[in-house]
Amino acid sequence: MSETMLDVRVWRGGDAGAFQTFAVPRRANQTVLDVVFWIQRHRDPTLAFRYACRVGMCGSCAMTVNGRPRWTCRTHVARVTNAGRLTVAPLRNLPVIKDLAADLAPFFAKWTKAEGRFMPKAGLGPDFAVVPPESRERRAADAGIECIGCAVCYAACDVVAWNPDYLGPAALNRAWTLVNDIRDGSPTRLKSVAGDAGCHACHGQEGCRRHCPKHLDPTGSIAGLKRASALAALKGEL
Amino acid sequence: MNTRVESLFWLAQRASAAILAVCVAVHLGTMILAVRGGLTAAEILGRVRGSAAWEVFYWVFALAVAVHAPLGLRAILREWADWRGPSLEGATALAALALAVFGIRAVAGLIG
């Protein structure tokens, strides 16, 4: 492909589909999402994909770009193109709705299974709870709290591919932030995230950490859950 | 398998791995450093036979293997062969028992 054009292969259809090739003009500072937009506006208005904020906050626009899961609104074409070629596909490990839009329902169902919501302790009192910023728990929670739910880690994880029941890095990372929230009082969260479909299934390959666009470390969070659940098991609290 | 047992199995595998790291290093280190007249059965038996310290060491080694290896096999079988449930737990226990028996027999034969 020439220096002024990109050779872009885009997935079309559902789980069963095929790649369609488009020639897209190159632009300075062009992102992968810009490329997909260009195709929709100038070549095929039926191309389906998901996006919202376009500034790396909402986690909606993740796709597989040249074989790796990425947030497309913050991924510059110049950084990922392979000799002017781009292959854009929906996220792995999720059903495909149409074209580049993956169905995130199973991903968020696992957040629910992992008790990924705040459950306040009884007796917190009427005033604001004070969580010391330098405390060990607060720092552990802070390290994982910036997750935007983009499912890049879920698509990158081989354990999810092998074991469809596995809760996955994002849900487990969320559970770990709540285990470290001193205001949270769920008595069952560790039970929900331990075991064959939970933290103990993780191999520690760090695909999630490597691909996370927010540079979080879900593998570290999962290791924390392993330690916490083992300790709880020893104390007879699991 | 409930989550409490699953968490304790994880702990057992980690703890046995830590023990095995030391045991394997001592075992291989001894093989490499202590050999004088070639790696022969006679020289090995001359070194370890009747030694209470080596007996304790190899008991610990054999039992750590009997804990560690079946738990690893169990994880692989669950993931690769999709084998779960009571039959897998039984097979894991059987593998642990077999490894413990073979290991202890070998130690008994070595120490005399």
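Which longest uninterrupted range of chain A lacks any GluC sites (Glu not before Pro) assigned by DSSP to a loop state (not H, G, I, E or B) and surrounded by at most 10 other Cβ atoms within 10 Å? Intermediate results must be reported in sequence, preceding the final value.
Details: sites that count: A:GLU3, A:GLU134.
Longest run free of exposed loop sites: A:4-133.
For chain A, the C-alpha radius of gyration sits at 1.15 times the compact-globule guess of 2.2 N^0.38 Å, with N the residue count. In terms of surrounding Cβ atoms within a 10 Å radius of their Cβ, A:HIS215, A:HIS200, A:HIS42 rank from fewest to most as A:HIS215, A:HIS42, A:HIS200.
The helix-only estimate of mean residue ellipticity at 222 nm for chain A, built from DSSP H runs of length n ≥ 4 each weighted as -39500 (n - 2.57), is -9000 deg cm²/dmol after division by the residue total.
Per-residue shielding of A:227-234, expressed as the average number of other chain Cβ atoms within 10 Å of the residue Cβ, stands at 5.
Quantify how strongly other chains surround peptide B:78-86 by giving the mean number of their Cβ atoms within 10 Å of each of its Cβ atoms. Working shown, then result.
Working: counts 4, 7, 1, 0, 2, 0, 1, 0, 0.
What the average comes to for B:78-86 is 2.
Express in nm, to one decimal, how much length is gained between A:THR188 and A:ALA223 on full extension, taking 0.36 nm for each residue of separation and deducting their alpha carbon distance. Gain in length upon complete extension: 10.8 nm. Against chain A, whose longest principal axis is taken from its Cα atoms, helix A:169-179 shows a tilt of about 30°.
Shape summary of chain B, radius of gyration then Dmax from alpha carbon positions: 16.8, 53 Å.
Springs between Cα atoms under 10 Å define the GNM used for chain B, and in it the highest mean-square fluctuation of B:LEU33, B:LEU94, B:LEU73 occurs at B:LEU33. Quick one: angle between helix A:218-234 and the longest Cα principal axis of chain A, in degrees between 0 and 90, rounded to 10, please. Tilt relative to chain A: about 20 degrees.
For every other residue with a beta carbon closer than 13 angstrom to the beta carbon of A:ALA233, add +1 if it is Lys or Arg and -1 if Asp or Glu, then tell me the sum. Write down the numbers at each step before the final one.
Working: positive: A:LYS191, A:LYS226, A:ARG227, A:LYS235, B:ARG4, B:ARG14; negative: A:GLU237, B:GLU6.
With Lys, Arg at +1 and Asp, Glu at -1, the neighbours total +4.
Listed from fewest to most Cβ neighbours within 10 Å, the set A:ASP99, A:ASP217 follows the order A:ASP217, A:ASP99.
Report the gain in length on full extension from A:PHE108 to A:ASP196: 0.36 nm times residue separation, minus Cα-Cα distance, nm rounded to one decimal. Mind dumping the intermediate values first?
On the way: separation 88, 0.36 × 88 = 31.68 nm, distance 1.89 nm.
That pair, A:PHE108 and A:ASP196, stretches by 29.8 nm at full extension.
Please say if the range A:5-102 is rounded, prolate or oblate, where rounded means a/c under 1.5 for a ≥ b ≥ c the square roots of the C-alpha gyration tensor eigenvalues, and otherwise the choice is prolate for a/b larger than b/c and oblate otherwise? Numbers along the way, then the final one.
Numbers: a/c = 1.41, a/b = 1.14, b/c = 1.23.
Verdict is rounded for the range A:5-102.
Using the alpha-carbon positions of the range A:38-86, Rg (one decimal) and Dmax (whole number) come out as 11.6, 30 Å. Within the shell defined by Cβ-Cβ distances under 15 Å, the residues around A:ALA114 carry a net charge of +2, with Lys and Arg each +1 and Asp and Glu each -1. Shape analysis of the range A:98-172 places it in the prolate category; the axes a ≥ b ≥ c from the Cα gyration tensor give an a/c of at least 1.5, with a/b above b/c.
Can you give the net charge of the other residues whose Cβ lies under 11 Å from the Cβ of A:ASN163, counting K and R as +1 and D and E as -1?
On the way: positive: B:ARG78, B:ARG84; negative: A:ASP158, A:ASP165, A:ASP196, B:GLU79, B:ASP82.
Spelling it out: positives minus negatives among the neighbours equals -3.
Could you calculate the FRET efficiency of B:ALA34 with B:ALA100 from 1/(1 + (r/R0)^6), where r is the beta carbon distance between them and R0 is 45 Å, rounded to 0.05? Efficiency, rounded to the nearest 0.05: 0.95.
Throughout, read-outs are computed from the coordinates displayed, never taken from laboratory work. Quick caveat: nothing in here was measured; it's all calculated off a predicted structure. Quick reminder, even Gly has a Cβ in these numbers, built from the backbone with ideal geometry, and neighbours come from all protein chains shown.
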